[in-house]
Structures are given as C-alpha cells and as structure tokens.
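Trainee: Structure in structure tokens, see below.
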Amino acid sequence: MSTVPGIAAAAAAPLLEVRDLRVKVGGQEVLRGVSLAVRAGEVHAIMGPNGSGKSTLAHVLAGRPGYEIVAGTACFEGRDLFALAPEQRARAGLFLGFQYPVEIPGVNNAYLLKAAVNAARRERGLPELDAFEFLAVVRAKIKLMQIDESFLSRGVNEGFSGGEKKRNEILQMLVLEPKLALLDETDSGLDIDALKVVADGINSLRAAERAIVLVTHYQRMLDYVVPDFVHVLARGRIARSGDRTLALELERRGYDWISEQAAA
Amino acid sequence: MSTPASAVRSDILDRIMRDYEAVAARLPDTAVPRELRGRAMRELSRLGWPKASDEQWRYTNLRAFEHVPAFAPVVLAHAAGAAAVTPALELPAPLPGFERLLYIDGVRAGAAATAAAMSGPEWPAEQRLGLLCDMFASDVAALRIRGTSAIEVLFLTSGAAAGAACYPRLQLELEPDSQLQLVERHLGGPAAPTLVCANVAIEVGRGAQLMHYRLQQCGAQTVFTDTLSARLAEAASYSVRQVAIGAASARTSALVRLAGRGAAFSWQAIAVGRAQQVHDTALKVEHLAAATRTEEVFRGIADERARIAFSGHIHIAASAPGADARQSLRGLIEGAGAEIDLRPRLEINTDEVKAQHGATTGALDENLMFYLLARGIERSTARALLKWAFLGDVLRAIELPALRSAAEHGAAGQLPDVMAIGALT
C-alpha cells in the first residue's frame with residue numbers, strides 16, 4: 001500500500017484504508033480527497049487548523065448522519081465501512097471518542113457500558129458478561145482512569161466536567177477494547193493532570209493488534225501519546241505526512257505555511 | 001329539579017341533571033353540604049357542558065364523557081342491592097412511614113370519614129368538571145394537618161364500579177409551618193367504561209411545605225378527570241410530582257394561586273399515552289404576591305395514536321413584582337398517528353420579573369441517538385433508552401424509592417420497548 005508517504009514499506013494489510021474520500025456537509029465539500037492507511041499496532045495523529053475537516057473525517061468514518069459521501073471508499077479489515085450502520089461499525093471494533101460527549105440523564109453509565117460491551121461480545125460470538133463479570137472488568141479500568149466508582153450509577157456524562165467527560169470516553173474505550181480508536185480532540189479542554197490521566201489510558205490500550213487515530217489541534221497530547229505518523233489536514237486534504245517531528249515543527253511554525261501550500 | 005331557562009342545554013347535561021335528581025336525596029351531607037351540591041348543580045347548568053370548540057377544552061376528549069353510562073355514584077348502586085364492593089386489584093405495598101387512607105369507589109374503606117368536609121373552592125368555568133364531584137361525591141378525605149406528617153390516599157376503583165361513576169374527593173388544610181408528604185394515587189381496572197371524577201382542594205398555610213405525589217393509573221376503559229385548586233400563603237411551598245399513565249381519557253385541570261409573598265410552586269409531570277389514549281392537562285398558576293416562584297416541567301410521550309396536550313398558563317399580576325416563573329415543556333411523538341400539543345403561556349402585568357419558557361415537540365435527539373449507536377448499541381435499544389431518559393428528569397424527582405419504582409414500572413408498562421430492555425433502575 002502506498003497511499004501514505006512514509007509507510008509504503010509496511011507489510012501488513014491496513015486495518016483502515018481510506019481512498020480519495022470526498023464529503024460534503026450542507027452542500028459544501030469539506031473533505032476533498034483524503035487517503036489514509038492505518039495498520040494494526042500504529043498510532044496516527046491527524047492535525048490541522050480549525051475547519052480543516054479533521055472532525056468530519058472521524059465522524060464520517062464512525063457513521064454520523066448528515067454527511068454526504070460524494071466519492072471515495074473506506075475499508076475496515078477489508079469490509080466496506082460505508083455499507084455498515086454506525087452500530088455495526090462500533091460492534092466491528094471501531095470506536096469514536098467524542099470531542100463533545102453528550103449528556104444522557106436517565107441512562108446510567110453502568111447500563112450503557114454493559115449494553116455496549118455485550119453488544120460487541122455478541123458480535124464476536126462470545127457469551128455476554130453477567131453483572132459480576134462486568135463489574136470485575138470495569139472496576140480495574142475505572143481505577144486506571146481515576147474515576148470514582150459511584151459514577152457508574154450516575155447518568156451518562158450527567159453533570160460531568162469537561163475533563164470527566166473525556167475520561168469517561170477513554171474509560172468506555174478501555175472497556176470496549178476496540179480494534180481502531182478514533183479519538184476526536186480528546187485533549188481539548190483538559191488541564192495538564194487530566195491530560196496525563198487520559199494519555200495513560202490511551203497508552204494502556206496500545207497493542208500490536210490495535211490502532212489509534214488521534215485527531216488533535218495541538219501538539220501537547222503527542223508528548224504523552226507518541227504517534228508513529230503525523231498527518232496534517234488542510235483544506236480538506238492531507239497536505240503533509242511525516243513522523244512525530246512534523247508535529248513539533250507545527251508547534252514552532254503554526255499551520256499557516258501548510259494551509260498556504262495546500263491552497264497553492 | 002329544573003335548570004334555568006338560560007342554560008346551555010345538551011344531552012349529556014340533561015343526563016347529568018336527571019341522574020342527580022334521582023340520587024340527590026340520598027347523597028351524604030358529610031361529604032358535601034347539601035347547599036353546596038345544589039349550588040354546583042345550578043352553576044353547571046348555568047355554564048353548560050363544555051364544547052370542544054372552546055380553546056380551553058379543545059384537546060379534552062369530551063366525547064368520552066358521552067359514553068359514561070351513569071353519573072350517579074356507584075356506592076348508591078350498591079345500597080340498592082348491587083354486588084358488594086370488592087377490590088379487583090391487589091393493593092400496592094404500603095409506603096414506609098406513611099399512613100394509608102383507602103377509598104374504594106370514592107368511599108372510605110374500613111373507617112369513617114377523616115374529618116368534617118370543608119366548603120371547598122368555587123370552580124371557574126375552565127374547571128367546571130369540578131362541579132360534578134361537588135354534586136355527586138359520596139365521601140371526602142378531609143385532612144387538617146399540623147406538624148409533620150406523611151399520608152397516602154389511595155383511591156381504588158373496584159370491579160363493582162364498572163359502568164358507574166365514582167368521585168374521589170380530597171381536601172387538605174396544611175397549617176402554618178407544617179410539613180406534609182402527600183401521596184394521591186388513583187388505581188383501577190374494571191373493563192367497562194367508568195367515570196372517575198376527582199376534586200382536590202388544598203390550602204397551604206404560611207411557611208408550610210407540601211410535597212404532593214400524584215399517580216394516575218386508572219383502568220384502560222376509564223374516563224378520568226381531576227380538578228385541583230390550591231392556594232399558598234406567605235412563604236409556603238407546594239411541589240407536585242405527577243405521573244399520568246392510565247385511563248382511556250384523562251383530563252387534569254389545576255389552578256394554583258400564589259397568594260402570599262415568597263410562595264413557591266413546583267410542578268413536574270409526565271404523561272405517557274399509547275393506543276388511543278388522551279391525556280390533557282390544563283395548569284394555571286396565578287402569581288398574586290411579590291417574590292413568588294413557579295417552576296413547571298412537563299414531559300409527554302405519545303405512542304401509536306395517543307394524544308397528549310399540556311397547557312401551562314402563568315399569570316403574573318401587577319401585585320407580584322419580583323416573581324420568577326420558568327416553564328420547560330417537551331413532547332416526544334413516537335407513533336405515526338400520535339399528537340402532542342404543548343401550549344406555554346406567560347401573561348405578565350408587572351415589571352421586575354424573571355420569566356422563561358420553552359416548549360419543544362418532536363422526535364428523539366439525533367445527537368444522543370448517534371452517541372449510543374457509536375457504542376454499538378442496537379438502534380431499537382437506543383430508542384428505548386432515550387425514551388426512558390426523556391422521562392428521567394421527572395421520575396427521578398420522586399424522592400420516595402417505593403413510589404418512584406411504582407411510577408417507573410407504570411411508565412415503562414406504557415412503553416413495551418423500554419420494559420423489554422430492562423432499563424429500570
């Protein structure tokens with residue numbers, strides 16, 4: 001596969017392969033030909049200025065309605081991702097960490113987590129977890145994310161601070177153990193302590209069989225979750241790809257020079 | 001007994017008057033003084049039967065009343081030799097710490113009436129169905145409370161009430177600085193059409209606090225109507241948590257007057273309808289004194305071909321500077337033939353008020369739906385969860401665990417998909 005500079009030599013088949021993806025929102029083309037290959041074991045960072053299409057890419061891959069896919073393909077483990085409903089994508093092992101997790105008072109966290117875990121297990125042909133097994137699984141992850149156990153009986157994200165919501169997103173990811181995690185600006189709004197906790201959670205999930213795509217505006221998250229590849233999205237296209245040094249260069253120089261190159 | 005010539009006549013009004021004439025002499029004065037019954041009869045005759053063309057009654061299922069076979073209270077039918085009254089339903093478990101008063105078909109079971117009846121309010125035209133209960137009531141739960149108390153008044157419609165009417169009647173005077181938790185519950189299950197026509201009159205004394213839980217779980221064929229009047233003195237607090245899930249057709253009409261400075265009123269209610277149920281609520285709050293507060297929350301779900309209406313009218317008089325009124329009305333239409341009508345109305349006649357209202361009706365929130373789907377949850381399960389969450393604000397405001405559980409199971413019973421996923425806490 002040679003769709004992404006710098007990883008052409010990699011041998012394994014991509015877990016996620018996006019080819020020439022074009023997407024419109026409200027009649028306007030937001031993604032204008034994005035190609036990306038992500039293999040198991042890799043961590044990719046997708047950076048870019050506001051409005052470059054980063055979040056659109058994450059949400060389109062997760063199946064959010066409201067986007068018009070004009071052209072292009074996305075394959076996840078060889079399956080046509082766009083042929084799957086959002087819940088099927090999730091059960092197949094794709095996880096979207098939301099930039100703005102919604103609050104759902106009246107649905108408690110434990111119920112959501114258990115329902116989600118068991119939906120994924122059914123998909124994999126595994127027996128569902130009973131209440132005791134579920135609690136055993138979730139308790140260890142709660143501890144890692146430094147969340148009080150009482151949160152399990154609270155409504156989903158109800159009354160949570162911004163940092164608590166992001167920790168809850170990562171907790172859900174840890175419990176669900178996806179094959180591919182798309183984390184949409186998980187670092188936004190976090191203070192440094194919360195950022196470290198979230199980063200520890202993400203790092204704990206790094207594994208040879210799993211891939212992580214971090215969508216972020218800033219470099220600081222990448223000090224803690226070190227990416228294998230960095231891509232810069234500008235004007236709906238991947239304008240540049242490289243290793244972690246690219247993120248450091250962006251930190252020094254900002255995004256304007258890349259946006260100008262993309263416009264040229 | 002004749003009606004004034006100026007009366008607006010209708011077949012149903014004629015039937016009501018005939019039924020009243022037939023039983024008036026046998027109705028107990030202890031429940032309603034005879035002169036009050038007569039006055040109610042004359043007032044209803046003067047006002048006439050409500051018409052659907054009137055805005056206040058537009059969403060009420062008035063036709064359901066036309067199918068009520070008889071307006072005389074069922075207890076008189078028993079006295080004439082009909083089947084003995086036997087509860088057709090198992091009674092709910094007692095609430096810990098609550099004294100229970102049980103009324104079967106509108107009559108106190110196993111004890112005499114609680115206290116002498118009070119005169120009761122004069123019902124305005126939009127609450128004229130209250131006049132029916134004034135005319136026909138067979139008993140009254142009359143409570144005068146001083147200090148701290150917890151009382152459950154259980155109104156049960158028995159199988160013997162099938163085809164007849166019953167008139168639950170509750171009068172409460174909460175004395176100054178007293179506190180009461182009051183549970184008012186209407187249960188029933190007879191198959192034949194039955195009218196349950198309840199009146200509730202409440203006076204909350206200075207500095208007193210009343211928490212009033214209201215659960216309406218009448219039988220599927222019942223025509224239910226309740227008419228509530230409450231008056232709050234200075235610094236009094238009155239909170240209502242209402243769950244309306246039963247009956248073929250239900251009309252709640254409430255008028256709350258915040259008469260004393262600093263009086264505070266809270267109304268949090270849900271209505272869940274399915275099949276062809278009709279739930280219609282008309283709540284009017286009058287801010288008559290300074291620094292009075294109202295908070296209204298309503299959540300309605302209409303499934304299948306159900307109709308749900310909520311009219312929230314808040315009137316802030318010139319005598320009520322510093323009033324604070326908030327309304328949040330939301331409806332969820334689940335059935336293709338379902339209908340929800342929410343009518344917020346703020347009428348402000350003074351400066352220096354805080355007022356806000358919001359009313360939305362529609363389908364489930366797509367953002368919330370996507371969040372659940374993105375966690376791999378089945379679409380049908382996600383829908384059920386979100387429906388349940390929609391009612392969550394109000395159900396969680398029921399602070400008594402046993403009652404909240406009863407309300408939750410009752411509401412979930414109206415939503416089979418919610419029951420199926422076992423989301424109840």
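Trainee: Identify all residues within the stretch A:210-258 that are part of a helix (DSSP H, G or I) and surrounded by 18 or more Cβ atoms within 10 Å (Cβ to Cβ); write none if there are none. Working first, answer last.
Mentor: Within the stretch A:210-258, the subset part of a helix (DSSP H, G or I) is A:220-223, A:244-253, A:256-258.
Passing the criteria: A:221, A:222, A:246, A:247, A:250, A:258.
Trainee: Of all residues in the stretch B:170-204, count the ones that are in contact with a helix residue (DSSP H, G or I) (Cβ under 6 Å, 6 or more places away or on another chain) and either at pLDDT 95 or above or not in a strand (DSSP E or B) (or both).
Mentor: 3
Trainee: Check the stretch A:66-74 and report whether any residue there is of a type outside the set (Gly, Ala, Ser), touching a helix residue (DSSP H, G or I) at 6+ places or on another chain (Cβ under 9 Å) and in a strand (DSSP E or B).
Mentor: Yes, the stretch A:66-74 contains a residue that is of a type outside the set (Gly, Ala, Ser), touching a helix residue (DSSP H, G or I) at 6+ places or on another chain (Cβ under 9 Å) and in a strand (DSSP E or B).
Trainee: Something else about it: All but one of (1) within 28 Å of residue A:165 (Cβ to Cβ); (2) without any contact (Cβ under 8 Å) to a residue 60 or more places away in the chain; (3) under 24 Å from the mean Cα position of the chain (by Cα) hold for residue B:364, so report the exception by its number.
Mentor: Of (1) within 28 Å of residue A:165 (Cβ to Cβ); (2) without any contact (Cβ under 8 Å) to a residue 60 or more places away in the chain; (3) under 24 Å from the mean Cα position of the chain (by Cα), only one is false for residue B:364: (3).
Trainee: Let me ask something else about it. Filter the stretch A:100-139 for residues that are modelled with pLDDT of 90 or more and among the polar types (S, T, N, Q) and give the result.
Mentor: A:109, A:118
Trainee: I need every pair where a residue in the stretch A:97-109 that is at positive phi has its Cβ under 9 Å from the Cβ of a residue that is among the small types (Gly, Ala, Ser), sequence separation at least 6 or different chains.
Mentor: Once the first residue is at positive phi and sits in the stretch A:97-109, its partners that are among the small types (Gly, Ala, Ser) give A:106/A:155; A:106/B:389; A:106/B:392; A:106/B:423.
Trainee: Kindly evaluate residue A:61 against the criterion of being within 14 Å of another protein chain (Cβ to nearest Cβ), in a helix (DSSP H, G or I), farther than 30 Å from residue A:249 by Cα and touching a residue at least 40 places away in the same chain (Cβ under 8 Å).
Mentor: The answer is no for residue A:61.
Trainee: Take residue B:325 and decide whether it is in contact with a Ser or Thr (Cβ under 7 Å, 6 or more places away or on another chain), among the hydrophobic types (A, V, I, L, M, F, W, C) and within 20 Å of residue B:229 (Cβ to Cβ).
Mentor: yes
Trainee: Taking the stretch A:96-144 as the search range and keeping residues that are farther than 19 Å from residue A:160 by Cβ and outside any helix (DSSP H, G or I), which one is farthest from the other protein chains (Cβ to nearest Cβ)?
Mentor: A:127
Trainee: Separate question: Mind checking which residues of the stretch B:366-400 are surrounded by 16 or more Cβ atoms within 10 Å (Cβ to Cβ), more than 8 Å from chain A (Cβ to nearest Cβ) and touching a helix residue (DSSP H, G or I) at 6+ places or on another chain (Cβ under 7 Å)?
Mentor: B:369, B:383, B:384, B:387, B:398
Trainee: Okay, next question. Residues to consider are B:207, B:163; find the one that is outside any strand (DSSP E or B), touching a residue at least 40 places away in the same chain (Cβ under 8 Å) and either surrounded by fewer than 23 Cβ atoms within 10 Å (Cβ to Cβ) or not assigned by TED's automatic domain parsing to the domain that holds residue B:129 (or both).
Mentor: On the way: B:207 fails: touching a residue at least 40 places away in the same chain (Cβ under 8 Å).
Of the residues listed, the single one that is outside any strand (DSSP E or B), touching a residue at least 40 places away in the same chain (Cβ under 8 Å) and either surrounded by fewer than 23 Cβ atoms within 10 Å (Cβ to Cβ) or not assigned by TED's automatic domain parsing to the domain that holds residue B:129 (or both) is B:163.
Trainee: So, one more: What are the residues in the stretch B:287-333 that are among the basic types (Lys, Arg) and more than 20 Å from residue B:386 (Cβ to Cβ), if any?
Mentor: B:293, B:305, B:307, B:326
Trainee: Tally the residues that are touching a helix residue (DSSP H, G or I) at 6+ places or on another chain (Cβ under 8 Å), within 14 Å of chain B (Cβ to nearest Cβ) and surrounded by 15 or more Cβ atoms within 10 Å (Cβ to Cβ), restricting the search to the stretch A:145-163.
Mentor: Of the residues in the stretch A:145-163, 6 are touching a helix residue (DSSP H, G or I) at 6+ places or on another chain (Cβ under 8 Å), within 14 Å of chain B (Cβ to nearest Cβ) and surrounded by 15 or more Cβ atoms within 10 Å (Cβ to Cβ).
Trainee: Quick one: in the stretch B:241-266, which of the residues that are free of Cβ contacts under 8 Å to residues at least 60 places away in the same chain and touching a His at 6+ places or on another chain (Cβ under 7 Å) is farthest from residue B:209 (Cα to Cα)?
Mentor: Out of the qualifying residues, it is B:250.
Trainee: Let me ask another. Against the condition modelled with pLDDT under 95 and either under 18 Å from residue A:45 (Cα atoms) or out of contact with any Phe, Trp or Tyr (no Cβ under 9 Å at 6 or more places or on another chain) (or both), how does residue A:196 come out, does it pass? Step through it out loud before you land on a result.
Mentor: Details: modelled with pLDDT under 95: yes; either under 18 Å from residue A:45 (Cα atoms) or out of contact with any Phe, Trp or Tyr (no Cβ under 9 Å at 6 or more places or on another chain) (or both): yes.
Taking the combined requirement at face value, the residue satisfies it.
Trainee: Right, next: Could you go through the stretch B:283-297 and let me know if any residue there is over 16 Å from residue B:241 (Cα atoms), surrounded by fewer than 24 Cβ atoms within 10 Å (Cβ to Cβ) and in contact with a Ser or Thr (Cβ under 7 Å, 6 or more places away or on another chain).
Mentor: Yes, there is a match, as at least one residue in the stretch B:283-297 is over 16 Å from residue B:241 (Cα atoms), surrounded by fewer than 24 Cβ atoms within 10 Å (Cβ to Cβ) and in contact with a Ser or Thr (Cβ under 7 Å, 6 or more places away or on another chain).
Trainee: Could you tell me whether any residue of the stretch A:58-78 is closer than 17 Å to residue A:157 by Cβ, in contact with an Asp or Glu (Cβ under 9 Å, 6 or more places away or on another chain), surrounded by fewer than 17 Cβ atoms within 10 Å (Cβ to Cβ) and of a type outside the set (S, T, N, Q)?
Mentor: Within the stretch A:58-78, none of the residues are closer than 17 Å to residue A:157 by Cβ, in contact with an Asp or Glu (Cβ under 9 Å, 6 or more places away or on another chain), surrounded by fewer than 17 Cβ atoms within 10 Å (Cβ to Cβ) and of a type outside the set (S, T, N, Q).
The values are calculated or read from the model by the stated rules, or taken from the named source; none is laboratory data. Nothing here was measured: the structure is a model prediction, and the numbers come from that model. With ideal geometry, Cβ positions are generated from the backbone for all residues, glycine too; neighbour counts draw on all protein chains shown.
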